[in-house]
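Please read the structure below before turning to the comments.
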Amino acid sequence: MSLEVRNLPTYDGLNDVDIFLDAFERDVSKKKCFHELDWAPRATSTIWWSTHKGSFDDWLEYRRMMRTQFGKPKM
C-alpha cells in the first residue's frame, strides 16, 4: 500500500480532450487507467463517465469515444 499523493490530470469536458488524454496516459499505466478515471472527470465529463463506465473493452475504445464526445471538430 502506498501513501503517495498523485496529482492526476482532470477533465471538465470544456478543454481540449487530446491534452487531457495525453497527460492522463503519461501519468497512469494502461492497467490502472479505468480505475483512475473515477477521479479524473469533472462537471459534464463526470456525468458522461458515470453513464458509460464499464462499457469499454479497452483504453483505445474509451479514447476514441472521448474524442467523439468532447473533441473539437477538425476542419
Those residues of the range 13-33 which are under 23 Å from Lys72 (Cα atoms) and out of contact with any helix residue (DSSP H, G or I) (no Cβ under 6 Å at 6 or more places or on another chain), in sequence order: Leu14, Asn15, Asp16, Asp18, Ile19, Phe20, Asp22, Ala23, Phe24, Glu25, Arg26
Residue in the range 15-33 that is open to solvent by less than 70 Å² (accessible area, probe 1.4 Å), outside any helix (DSSP H, G or I) and touching a Phe, Trp or Tyr at 6+ places or on another chain (Cβ under 6 Å) present: no
Count of residues meeting criterion [among the aromatic types (Phe, Trp, Tyr) and open to solvent by 60 Å² or more (accessible area, probe 1.4 Å)] in the range 34-48: 2
Residue pairs meeting the criteria (Cβ under 9 Å; at least 6 apart or on separate chains; first at positive phi, in the range 30-43; second among the aromatic types (Phe, Trp, Tyr) and surrounded by 15 or more Cβ atoms within 10 Å (Cβ to Cβ)): Ala43/Tyr11
Selection from the range 49-66 of residues that are surrounded by fewer than 11 Cβ atoms within 10 Å (Cβ to Cβ) and under 16 Å from Thr10 (Cβ atoms): Ser50
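The values are calculated or read from the model by the stated rules, or taken from the named source; none is laboratory data. The structure presented is a predicted model; accordingly, all values stated were derived computationally and were not measured. Cβ atoms come from the backbone with ideal geometry, glycine included; neighbour counts cover every protein chain shown. Areas reflect the complete protein model, heavy atoms only, side chains present, ligands, DNA and RNA absent. Shrake-Rupley method; radii C 1.70, N 1.55, O 1.52, S 1.80 Å.
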